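The values are calculated or read from the model by the stated rules, or taken from the named source; none is laboratory data. A quick note: this is a predicted structure, and the numbers were derived from the prediction, not measured. Positions of Cβ are generated from backbone atoms using ideal geometry, with glycine treated the same way; all protein chains shown enter the neighbour counts.
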Amino acid sequence: MLPEAAVLLVLVAAAVLFALVFAPATASRRGLLVQGGAGLAATAAIAAVPAFDLALLIILALGAVHAAIPGVRPFAVRLRAPVLAVAVLALGLMLVRVEGPDVLERFAAVGLVAGMAAAVGLLPYIHPFAPDEAVASSPLPWIAFVGPVLAAVVVSRAEVLLSVDAGQAFAAMLIGLGVVNMAWGSIATWLTDDTAAAWRYSFLADWGLVLCGFGLTLADGPRAALLVLFGIVAGRLPLYLVWREPRAEQATREGPFNLLVAALLAGSAPFVGFAARVLLLRGATQLFWPLALVLALGMLLWLPGSLRLGRSMGIPRGRRALGVALVVAVNVAVGLYPLPLLQAAHL
Amino acid sequence: MPSAAVLLPVALPLFAAAVIAVFGFAGVSLGRVAGGAGAWSSVLALLGVWIPVRSSIELTLGPLGYGSSFDLRVDAVTFAFGLMIAAPAALLLTLQPRTWQELSLSLLGLASAIAAVEAGSVVLTAIAGGTAATVAIVLLETEDPRAPRPGWATLLAGWLALSWVGVILQVGGGTAVYSAVPVATVTAPLFAVLAVAALLASNLFPWRTWPADLWSRRSLRAAGITVAILYPLGFYLLVRAYELGDGRYPDPLFNAGLAILGVVAAFAAAARAQAAGTRREFLGEVLPFFGGLGLTSIAIGTGLGLVAGLVNLATAAAMVACLALLPDRAGLASILSIAAAVGLPPGIAFGSRVIGVEATFEAGDLLGLIGLAGVAAWATLMVGGARAIGLPGGRGHPERETFASVSMGIALLTLLAGPAIAAIQVGFANPVASEVMQAPAAPLGGGLTSVVTVTSVLPAVSLLAPLLVLGILVYAVAGTSAIRTQARPALIKLPAGGLWHRAREGLRALTVPEQYRSILNIRELETAATGGQPLLWLAALAALAFAVTR
Amino acid sequence: MIQLLLSIATHSVALLVYPGLLFMVAFGALVELAWLRVSRRDWDRPELPRLRATPVLATVAVCSVLAAVQVSAPFNEVPGAERSVVLAAVGLAFTAWAELALTVEFVAAPGLLLIIQFCWMLAVLGPAVQPESLRPQVLGNVLVPGLLPVKVACGFLYLLSLPALMRLWPLLPPADRRDKLRLDTGRILTWFPYCGLFTTLFVPPPSDDAIGFVRFFGITFLVAALVIGLGALLRWRGEAVARGLYTRAVPPFAGLVIAIVVVTSVLMR
Amino acid sequence: MAAFAAWLGASTVVLADGRRGLALGLALATTALAAIVWPEAGPAAAAVLGLGGLAAAARRLVVGTAGWGIMPPGSTPRFILCIGGGLLALWIALGVTSGHSSALRFAVLTVAGLSGARALSSEEPAVLLTAVVLLALAVSAAGGLAEGSPAIWTYLLAAALAAGVGWLPLSRPRAA
């Protein structure tokens, strides 16, 4: 199994555990365990299977099963994106395997990038979202749970399958989509009316960084991407779960705690987001320094949205507070000393 | 001295913060004694590490994961800035009552700021400085969420810019370690980013920024700590920049530009100070004024200027503690604080400013005009100071966090320290100049009794000491009863502030005309992008396919 | 150590006796009497100043003493190398504002006064920009033809500024309701530093002998007389003329002086 | 011949709304794909693929909108899609790409493309699940294009998915 994917799997497992431990007393632990366990198993399978075709079939199966979970959105709406993803990935895969002109490989790269974006739910393939939908049946598992491992697998496969020329096109598309997702996600987090949607867009913005990281064809790029993915799975996702919990006071508030959460979400030092940003700037500077400038300016767009999300957390009490404290501690630790994580992923 | 000792100035306050937090969670507030102990331990550690050896001590503990090693060092620059940061913070933490949360956060911020100046590489400085900024924001919010605080975006932008500088150095020269960066890597564009980072870190601009705004908070507990730990960091970067550039900035225009910016900032602060409505408002502009002149002196690019700037900043650090402990009521403490702030002879502020002005003239190339402007700015502050003595107090600084006698003591100390400016230069500032600038520019002669510049000598002890005695005698027989507290009109009205405000309001009021709003409707755009329209998806696919054929 | 003690002693003598406090008082009293005689038509014996020390007086004394010892008066115990025009300028700048600390009513047109003070500072420090030296006697000694325009322009600006800085102009502060003649102690303390500094900056330094002494103080008294004359003229022409001069004439002239300083410095590089 | 049958089957799925039509299209496409993968992957893989697809078709025969529902009113765009898609796939499979088994290339392109398009254009769960089955079969068949003989696991998983997906319990969307 890909070491990077293995690390992400462990993080995903930790996220499931977090959901189990810190879920409100009223929530069904059994349901959480079944849904989380199934998702985790499928994610593990995606990372573990030897052939990419098998991974695609698992994604398809996962998409069908996830769409079948009772939820607010119609079955068709939930199934479309995974089906499109698999179809496009399959066509891309086919174009890689057949003989033909070089442009076919570029089209294959398009298939792989678009398929990955569609599976995870990134711009322009954003999964339709219902603010009041339960987490399990919402698009969130794709963007924050399965997505990280899936992206790592697709990118690693692409590196093997694509030629140098097509690989460059693949990287360029990743960076392009990354910048678009960064800008859209961070601005929408700030300006959208609905707080649930703002949370969802904030994942999109982080994914923008991930795509840019994967697109930087240097050692620092994947490192940065891994750290941002860590931030998504071990930071943003748990905080989102805490925010989703029903609580007495729903009023937004700006206190020290909320600012701390905002700092974590915005990738301020000393949280893991800052280390990831440093690596991204490093990679971008090596590749093409104006890109670093664009990224640096884009990174400032995180603040207003993060402040909004931080305020939306209110003041957690009891178990929720403990959960947030744990998330903060973990993100600070990895932010200050990310080397063990990177070494575990062989990066 | 074991190299691990360089950890102490950072580790001790961190440990104290942890202990205070643990007890706090257990319901026991250890109070200011623990806070003071944590902060003073950092000061003592700095003294203990630097004074016995007086040469650079470095600790490298291997890579951290973002291209930088865990590299801490204590050298003359670290020592000087560490003291500027830790000493006032320690004093405030010892005296002012705080909740355990505020204590822990303050110590955390202090440790981060010390780590920023101890960091051996630019990237580490950026991370530690960014941490200090984050902690300071949270600290200010803990004290009073509605009171003014620094713009987070500005601070983050500064530290992000510095981290970019760090990675550019790593990419271009293979390292971002201050002492190892190849000079050729420090190009003009890179230095421009570094300068912007420094200016953003300390908000050194001509308009009213957070170092002034924070003093308009009712309570000055968090404000004092924030200014103490954050304000010196921007100057620190500009001083380290000399080390990166082998004793100079990559282009003399940077020296001139930054010096001009500094003097303009100082003049603007002084102009706002002379128009202040309360004494507190005036005192709020004192530190930006110190900072402006400090920036000018440091940026001039000569050893003399750097030394003057450092002494000026050290005085500013003392003033931070002085002003944060000063009650809003009238009295001798206020008068002495204002006298110290305006640089009444023969105080240390007076001495450092005079040397700074002399440095500009001796630097040549019309830089003397900057010195001239500096003196004009100083004169404006004098007016403000004289006027402020009789102004109403201000926002009612809570009595329990004010210590008039200590504040007065600090002010008095800065006034009495004038004759010792040569000694301070030799023990405190000269080593920094020697560290970051190459001889012969750096070390200045004159010894402990006088400051020798290129064209003149300031006989610190022999001239200023008798003047001090004379001053003490005449002030001793003079009373303060004749001073009348009254609302006093501004000498110069400030149209600029109004213009700036109007411009900002105008910008805020800008809207897209009704008939054009349908062209770009954000809501509709959001709906279209998130509606999961198959056609849009296929179009995106086609667009990507088209893109890769170009 | 002994050398340091000796140096402190000589500097103390300079500060307290000559050209410091005692000498300043003597010189200032004479000139102030002359000013009173010239400025008032109804001359009677003026009241002696109150001897009660106030913070204002203390500040003026300390700052003007510091300025006084920077002048190149013959037999000045402060060595030439240890004098600085910046010390003199800043010291004197403080004296103009000490009264503002008590109440605004003691200062006439403070805004205008500040602008005039800027002009005066330009006149004091302008000549130092190109030579890059701050030793007063060096500046006084500069006779390079290329620098003479700066020197002349700055000297003229200096003289124009003094009546305002010395409060000889007809703009009276609201609180100045003195009907009887009284010596102004603050002004007494600043006559010598202001006039002596002019002599130092714009006239070649004298030798340390009797002739040099007479020459220096002759010129300094002449400067004082010029200032008194200018002040009297302004009082005679009235407030409006004075205000017009200091708002419409002096600041633009200062602008011209800056231009001359810049151009000269550029040309002389 | 088999490739065209695969296209015909996929097109039938695109054009049909009723369960019989969907089952017919699925069965036709399955049989064709099984026939195409036989030479490359061997009889076992073909059998597994065929069994999975036929099981899905059988399930489809009993679940979904009753009747054939082939080319209902308003299905002209779908018809054009089938023709256009087929021609495009034919051009790519024969004209643009080369190598062994052009039939497999054509079949994979048409089945994957048309099933994907069907999934995007329908709201009916039965239709969507049929498209999913077709897509799974196409993905597994595409394994035959890889270097070396494809592993049986891909076909097994595709067959299992095809056979199982029809049994998913589908609930109506509920308001939260």
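Could you please let me know if residue A:120 is surrounded by fewer than 19 Cβ atoms within 10 Å (Cβ to Cβ) and either farther than 30 Å from residue D:147 by Cα or in contact (Cβ under 8 Å) with a residue 24 or more places away in the chain (or both)?
Numbers: surrounded by fewer than 19 Cβ atoms within 10 Å (Cβ to Cβ): no; either farther than 30 Å from residue D:147 by Cα or in contact (Cβ under 8 Å) with a residue 24 or more places away in the chain (or both): yes.
When the stated conditions are applied, residue A:120 does not pass them.
Report whether or not residue B:357 is crowded, with 24+ Cβ neighbours inside 10 Å and at the interface with chain C (Cβ under 7 Å from one of its Cβ atoms).
Working: crowded, with 24+ Cβ neighbours inside 10 Å: yes; at the interface with chain C (Cβ under 7 Å from one of its Cβ atoms): yes.
Yes: the conditions hold for residue B:357.
Taking into account only those residues within the range A:161-186 that are within 26 Å of residue A:265 (Cα to Cα) and not hydrophobic (A, V, I, L, M, F, W, C), which is nearest to the other protein chains (Cβ to nearest Cβ)?
A:176
Any residue that is surrounded by fewer than 19 Cβ atoms within 10 Å (Cβ to Cβ) and over 19 Å from residue B:131 (Cα atoms) - is there at least one of those in the range A:275-284?
no
Search the range D:124-163 for residues being part of a loop (DSSP other than H, G, I, E, B) and at the interface with another protein chain (Cβ under 9 Å from one of its Cβ atoms), and hand back the single one that is modelled with the lowest pLDDT.
Filtering the range D:124-163 for residues that are part of a loop (DSSP other than H, G, I, E, B) and at the interface with another protein chain (Cβ under 9 Å from one of its Cβ atoms), the one modelled with the lowest pLDDT comes out as D:150.
Out of curiosity, is residue D:103 more than 21 Å from residue A:60 (Cβ to Cβ), in a helix (DSSP H, G or I) and modelled with pLDDT under 90?
yes
Could you pull out the residue among B:42, B:29 that is part of a loop (DSSP other than H, G, I, E, B) and at negative phi? Full working, then the answer.
Working: B:42 fails: part of a loop (DSSP other than H, G, I, E, B).
When all the criteria are applied, what remains is B:29.
If residue B:181 satisfies all but one of (1) of a type in the set (A, V, I, L, M); (2) assigned to a loop (DSSP other than H, G, I, E, B); (3) without any contact (Cβ under 8 Å) to a residue 60 or more places away in the chain, what's the number of the condition it fails?
(3)
List the pairs whose first member sits in the range B:535-550 and is within 8 Å of another protein chain (Cβ to nearest Cβ), whose second member is surrounded by fewer than 15 Cβ atoms within 10 Å (Cβ to Cβ), and whose Cβ atoms are under 8 Å apart, counting only residues at least 6 apart or on separate chains?
B:536/B:528
Those residues that are more than 7 Å from chain D (Cβ to nearest Cβ) and in contact (Cβ under 8 Å) with a residue 60 or more places away in the chain, I need them from the range A:50-77; list them, please.
Passing the criteria: A:52, A:55, A:59, A:62, A:66, A:69.
Can you work out which of the residues in the range A:200-258 that are among the acidic types (Asp, Glu) and modelled with pLDDT of 85 or more is farthest from residue A:327 (Cα to Cα)?
Restricting attention to the range A:200-258, the residues satisfying the condition of being among the acidic types (Asp, Glu) are A:206, A:220, A:245, A:249, A:254.
So of that shortlist, the ones also modelled with pLDDT of 85 or more come out as A:206, A:220.
Details: A:206: 17, A:220: 25 Å.
Checked the range A:200-258; the qualifying residue farthest from residue A:327 (Cα to Cα) is A:220.
Of all residues in the range B:149-178, how many are without any contact (Cβ under 8 Å) to a residue 24 or more places away in the chain and either more than 9 Å from every other protein chain (Cβ to nearest Cβ) or among the basic types (Lys, Arg) (or both)?
Qualifying residue count, the range B:149-178: 2.
Could we say that residue B:60 is of a type in the set (Val, Ile, Thr) and touching a helix residue (DSSP H, G or I) at 6+ places or on another chain (Cβ under 8 Å) here?
The answer is no for residue B:60.
Looking only at the range B:398-439, which residues are without any contact (Cβ under 8 Å) to a residue 40 or more places away in the chain and part of a loop (DSSP other than H, G, I, E, B)?
B:439
Say whether the condition of being part of a helix (DSSP H, G or I), closer than 18 Å to residue A:203 by Cβ and out of contact with any Phe, Trp or Tyr (no Cβ under 7 Å at 6 or more places or on another chain) is met by at least one residue in the range A:244-260.
Yes: the range A:244-260 contains one or more residues that are part of a helix (DSSP H, G or I), closer than 18 Å to residue A:203 by Cβ and out of contact with any Phe, Trp or Tyr (no Cβ under 7 Å at 6 or more places or on another chain).
Table: residues versus (1) modelled with pLDDT under 95; (2) surrounded by fewer than 24 Cβ atoms within 10 Å (Cβ to Cβ); (3) in contact with a Cys (Cβ under 9 Å, 6 or more places away or on another chain).
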residue	(1), (2), (3)
B:207	yes, yes, no
B:210	yes, yes, no
B:213	yes, yes, no
B:221	yes, no, no
B:229	no, no, no
B:278	yes, yes, no
B:282	yes, no, no
B:291	no, no, no
B:318	no, yes, no
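Give the residues of the range C:109-138 that are among the hydrophobic types (A, V, I, L, M, F, W, C), touching a residue at least 40 places away in the same chain (Cβ under 8 Å) and closer than 17 Å to residue C:159 by Cβ, sorted by residue number.
Hits for the range C:109-138 are C:113, C:115, C:116, C:118, C:119, C:120, C:122, C:123, C:124, C:125.
Which of the residues belonging to the range A:19-55 are part of a helix (DSSP H, G or I), closer than 25 Å to residue A:245 by Cβ and of a type in the set (Val, Ile, Thr)?
Passing the criteria: A:21, A:34, A:43.
Hey, can you tell me all the residues within the range D:77-134 that are buried (at least 20 other Cβ atoms within 10 Å of the Cβ) and on the phi > 0 side of the Ramachandran plot?
If the condition is that a residue be buried (at least 20 other Cβ atoms within 10 Å of the Cβ) and on the phi > 0 side of the Ramachandran plot, then no residue fits.
I'd like to know if the range B:402-420 contains one or more residues that are closer than 30 Å to residue B:271 by Cα, within 13 Å of another protein chain (Cβ to nearest Cβ), at pLDDT below 90 and over 22 Å from the mean Cα position of the chain (by Cα).
no
Report yes if residue B:447 is within 21 Å of residue B:468 (Cβ to Cβ) and either away from chain C (no Cβ under 13 Å) or of a type outside the set (Val, Ile, Thr) (or both), otherwise no.
Spelling it out, residue B:447 is indeed within 21 Å of residue B:468 (Cβ to Cβ) and either away from chain C (no Cβ under 13 Å) or of a type outside the set (Val, Ile, Thr) (or both).
What are the residues in the range C:128-153 that are among the hydrophobic types (A, V, I, L, M, F, W, C) and either outside any loop (DSSP other than H, G, I, E, B) or at the interface with chain B (Cβ under 8 Å from one of its Cβ atoms) (or both), if any?
Start the filter on the range C:128-153 by keeping residues that are among the hydrophobic types (A, V, I, L, M, F, W, C), which leaves C:128-129, C:134, C:138-139, C:142-144, C:147-148, C:150, C:152-153.
Result: C:128, C:129, C:134, C:138, C:139, C:147, C:148, C:150, C:152, C:153.
Please work out which residue is farthest from the other protein chains (Cβ to nearest Cβ), limiting yourself to the range B:360-384 and to residues that are over 14 Å from residue B:266 (Cβ atoms) and of a type in the set (Gly, Ala, Ser).
By that ranking, first place goes to B:363.
Consider only pairs whose beta carbons are under 9 Å apart and that are at least six residues apart or on different chains; among these, list those whose first residue lies in the range A:271-286 and is more than 9 Å from every other protein chain (Cβ to nearest Cβ) and whose second residue is in a helix (DSSP H, G or I) and of a type in the set (S, T, N, Q).
Going by the 9 Å Cβ cut-off, the qualifying pairs are A:272/A:331; A:273/A:331.
Going residue by residue through the range B:306-314, is there one that turns out to be assigned to a helix (DSSP H, G or I), within 14 Å of chain C (Cβ to nearest Cβ), small (Gly, Ala, Ser) and within 24 Å of the chain's Cα centre (by Cα)?
Yes, because at least one residue in the range B:306-314 is assigned to a helix (DSSP H, G or I), within 14 Å of chain C (Cβ to nearest Cβ), small (Gly, Ala, Ser) and within 24 Å of the chain's Cα centre (by Cα).
Against the condition more than 24 Å from the chain's Cα centre (by Cα), at pLDDT 95 or above and under 19 Å from residue B:222 (Cα atoms), how does residue B:16 come out, does it pass?
The answer is yes for residue B:16.
Residue A:16 versus (1) within 30 Å of residue A:324 (Cα to Cα); (2) hydrophobic (A, V, I, L, M, F, W, C); (3) in contact with a Ser or Thr (Cβ under 9 Å, 6 or more places away or on another chain); (4) assigned to a helix (DSSP H, G or I): which is the lone unmet condition?
(3)
Here are A:160, A:154, A:179: which of them is over 13 Å from the mean Cα position of the chain (by Cα), modelled with pLDDT under 90 and assigned to a helix (DSSP H, G or I)?
Numbers: A:154 fails: modelled with pLDDT under 90; A:179 fails: modelled with pLDDT under 90.
Of A:160, A:154, A:179, the one residue that is over 13 Å from the mean Cα position of the chain (by Cα), modelled with pLDDT under 90 and assigned to a helix (DSSP H, G or I) is A:160.
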